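> The structure under discussion is supplied below as structure tokens; questions concerning it will follow.
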Amino acid sequence: MPAGQAGQVELALDSAEPGRLLRWEPERWPVAEGWRPVVDAFLASDAGLQLASFIRDRLAAGAIIYPPKPFRALALTPLGRVRAVVLGQDPYHGPGQAEGLAFSVPPGVRPPPSLRNIFQELRCGADEPVPEHGCLVAWAERGVLLLNTSLTVEEGRPGSHAKKGWETLTDSLLAEVAARASPCVYLLWGAHAQAKAGLIQETASQHGCEILVLQANHPSPLSARRPPVPFLGCGHFALARDWLAARGHPGLFGPLGGTTGPAPARGPSVVPTRPLKG
């Protein structure tokens, strides 16, 4: 889908934004070029049919499910443009927070603690301004796939849609990226995301794709400063910027649009990580 058309689709959907998922109609949810075969194969599979039945039953029971557009990450970032993947676990479970992109919240919504830590780390080794909002759409449009492993959640119930089928789809999406995107950086924060490292590395190696896998603790305040690899100070954004820029892809993690002014620069803190090449 051309960028202009994608923007028009976003505008049309946002104009009637319900704030929650109203019905299970994945065949009508837009996705950008490259994703449809993977999505359709999942929807026709046993795992996809079981997930559909589960979500329809939960909606019929009155469950409030977020986000309103579960495939938004796939709508904003075409497969052929992916140069970085940030892998989350499941969407935010509070009203008005989840917008279908891992760690992102709509403009006007206060960034949650994990996202505030991400912004703190973003400034590591760079004189980056402080974003004045938590919406990561600009990154998605530049080629950062902001993917959760579970694409829906119920209000006030974190993890409520885990192991209901979404992981089958998101594993397939990760494998498709690993087989095609080169060069590509994978930012895996926390044990849940790091469990996907083997899938990513094996698939990329089989297809001769050059990747950089960066692993650290989750940015949650509960783990961001703890060993074995504290998130704060890991230097992942500095590493990703330099590695991608050296391969002709600068600026993916650049400004989001709208800032509160410059922040003091911090020295880089690098966790040794080797690029993997098939």
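The values are calculated or read from the model by the stated rules, or taken from the named source; none is laboratory data. The shown structure was predicted, so the numbers you read here are calculated from the model rather than taken from an experiment. So basically every Cβ, Gly included, is an ideal-geometry build from the backbone, and we count neighbours across all protein chains shown. Just so you know, the surface numbers come from the protein's heavy atoms only, side chains and all, with ligands and any DNA or RNA stripped out. Shrake-Rupley method; radii C 1.70, N 1.55, O 1.52, S 1.80 Å.
> Report, by chain and number, residues whose modeled amide H sits under 5 Å from the one on Phe231, excluding near sequence neighbours (fewer than 5 apart, same chain).
Residues meeting the amide H criterion: Asn217, Arg225, Arg226.
> Evaluate 2.2 N^0.38 Å with N set to the residue count of segment 111-198, then give the Cα radius of gyration divided by it.
That works out to 1.24 for segment 111-198.
> Taking the solvent-accessible surface of protein heavy atoms with a 1.4 Å probe, what is the per residue accessible area of segment 39-140 in Å²?
Computed with neighbouring chains in place, this is 35 Å² per residue.
> Then there's this: Run the quick spin-label model on Glu25 and Lys163: label points 7 Å from Cα toward the beta carbon, then report their separation in nm to one decimal.
So the label points at Glu25 and Lys163 sit 3.3 nm apart.
> For segment 62-209, what class follows from the C-alpha gyration tensor (a ≥ b ≥ c being the square roots of its eigenvalues): rounded when a/c is under 1.5, otherwise prolate if a/b is larger than b/c, else oblate? Don't skip to the answer; put the middle values down first.
Numbers: a/c = 1.78, a/b = 1.16, b/c = 1.54.
Taking the square roots of the gyration eigenvalues as a ≥ b ≥ c, segment 62-209 is oblate.
> Going by Cα centres, segment 215-244 and segment 77-101 are how many Å apart?
So the separation of the two Cα centres works out to 18 Å.
> If you don't mind, there's one more thing I want to ask. For Ala61, put the label point 7 Å out on the Cα→Cβ axis and report which residues of segment 150-184 keep their amide N under 17 Å from it.
In segment 150-184, the label zone of Ala61 (backbone N under 17 Å from the point 7 Å along Cα→Cβ) covers 152-166.
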